[in-house]
Amino acid sequence: MRNNIRCAIALLLEYRKSKKLDVLRLGLAIFFIMTGELIITHYVQIDDVENLLGHIYKFVGYMYLFRALFYLQVQDILTVKKQAERKWREAENMLFEAEKNLSKLVLQAHEEERKRVSRELHDGIGQSLYSILMTLNIAELEVSEEQAPCLQNVKRMTVEAMQEVRDIAHSLRPSSLDDFGFLTALRIYRSQFEKVHNIQIALRTSGGMKRMDPEIETALYRICQEALTNCAKYANPKLIEITLDHNPYEILLTIRDNGKGFTIEDYMKRAVGKHRGIGIFSMKERAETCGGTFEITSKVDEGTTVRVIIPK
């Protein structure tokens, strides 16, 4: 009995300064424990009811003691744990947003550099080659017949070099994309692609010729470029269908071919460590930087479908 009283006093002194102390439950705990001890002192045989009743009182007292002294501390620990988990989730979301913004900035810097190099090729080297061609035209009037064939060869090489510069500049960043928008740039690219690869491309649009955000237009154009290039390199299709649905809620781009097709899971497994699969990752990244989604489905001998959805 004395030991229990001492214990209760010691606990009270230990926790008296704690703001988490439940004084009412602590009082009930002391009451039940002391009452239980008092009842136990009255039993004669071990199977007397006083013995059972005393232990029940003590058990209830210990429960109140736990509730008064430790339960709130356990709650504090759980609260701290929840706060830590919440902060961890917030940090994870912040990291995801930072990575997303970094990817966006990298793509923007990439496009700006493409634009700059394309402009330098067109305005710099292109204009220089044009000046050389004009000079050759003037010189052609003064050369002898023996020198004329040599001059013609130089003119032909100059014209070919000018065409190569124009093609490179256009592939880096077509001026039509900035001046007239995605659909016009895509139609020009489709015409060139059909001539080079001898693959028919059917382009269907709905929702009009509205201009979109420049970032979205660039992303859609690059996705089409990558998808068509992959078709020409790997799928060997006869027909490629491009569908653009521009409705008030979303922009839906679908690129479907009737080529060889492939198993995506097997392809990605083989791609590990071989620098393959970068094109698929690049298309997905471009769609996600615009807040959209990217999906690719394919079946062997049935073709491949690329679908991009960008919400307004």
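List of remarks:
Rundown of residues vs (1) within 24 Å of the chain's Cα centre (by Cα); (2) surrounded by 15 or more Cβ atoms within 10 Å (Cβ to Cβ); (3) over 29 Å from Ala109 (Cβ atoms), yes/no style:
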{"residue": "Glu217", "(1), (2), (3)": "yes, yes, no"}
{"residue": "Leu220", "(1), (2), (3)": "yes, yes, no"}
{"residue": "Asn236", "(1), (2), (3)": "no, no, yes"}
{"residue": "Leu239", "(1), (2), (3)": "no, no, yes"}
{"residue": "Gly259", "(1), (2), (3)": "no, yes, yes"}
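- Taken together, the criteria exclude Glu194 from residues that are touching a Gly at 6+ places or on another chain (Cβ under 8 Å), at pLDDT 90 or above and assigned to a helix (DSSP H, G or I).
- Filter result (closer than 30 Å to Arg222 by Cα and either out of contact with any helix residue (DSSP H, G or I) (no Cβ under 9 Å at 6 or more places or on another chain) or modelled with pLDDT of 85 or more (or both)) within segment 126-157: Gln127, Ser128, Leu129
- Against the criterion of being assigned to a strand (DSSP E or B) and touching a helix residue (DSSP H, G or I) at 6+ places or on another chain (Cβ under 8 Å), Thr218 does not qualify.
- Sub-6 Å Cβ pairs linking a first residue in segment 101-116 that is free of Cβ contacts under 8 Å to residues at least 12 places away in the same chain to a second residue that is buried (at least 17 other Cβ atoms within 10 Å of the Cβ) and in a helix (DSSP H, G or I), at least 6 apart or interchain, number zero.
- For segment 176-192, the condition holds for no residue, the condition being that it is open to solvent by less than 80 Å² (accessible area, probe 1.4 Å), under 15 Å from Gln127 (Cβ atoms) and either touching a strand residue (DSSP E or B) at 6+ places or on another chain (Cβ under 9 Å) or in contact (Cβ under 8 Å) with a residue 12 or more places away in the chain (or both).
- Whichever residue in segment 297-312 is more than 11 Å from Ile255 (Cβ to Cβ) and part of a strand (DSSP E or B) and, among such residues, is farthest from the chain's Cα centre (by Cα): Lys299
- Considering residues of segment 134-165 that are assigned to a helix (DSSP H, G or I) and of a type in the set (Ser, Thr, Tyr) only, the residue surrounded by the most Cβ atoms within 10 Å (Cβ to Cβ): Thr158
- Screening Lys115, Lys104, Lys100 for residues that are among the basic types (Lys, Arg), surrounded by 11 or more Cβ atoms within 10 Å (Cβ to Cβ) and touching a Lys or Arg at 6+ places or on another chain (Cβ under 7 Å) leaves exactly one candidate, Lys115.
- The residue of segment 71-97 that is surrounded by the most Cβ atoms within 10 Å (Cβ to Cβ), among those that are among the hydrophobic types (A, V, I, L, M, F, W, C) and under 29 Å from Ala29 (Cα atoms), is Leu72.
- Scope segment 266-287; condition open to solvent by 70 Å² or more (accessible area, probe 1.4 Å) and at pLDDT 90 or above; matching residues: Lys284
The values are calculated or read from the model by the stated rules, or taken from the named source; none is laboratory data. What you see is a predicted model; the values in this text were computed from it and never measured. Every residue, glycine among them, receives a Cβ derived from its backbone with ideal geometry; neighbour counts consider all protein chains shown. Heads up: the accessible areas ignore ligands, DNA and RNA and are worked out on the full protein's heavy atoms, side chains in. Shrake-Rupley method; radii C 1.70, N 1.55, O 1.52, S 1.80 Å.
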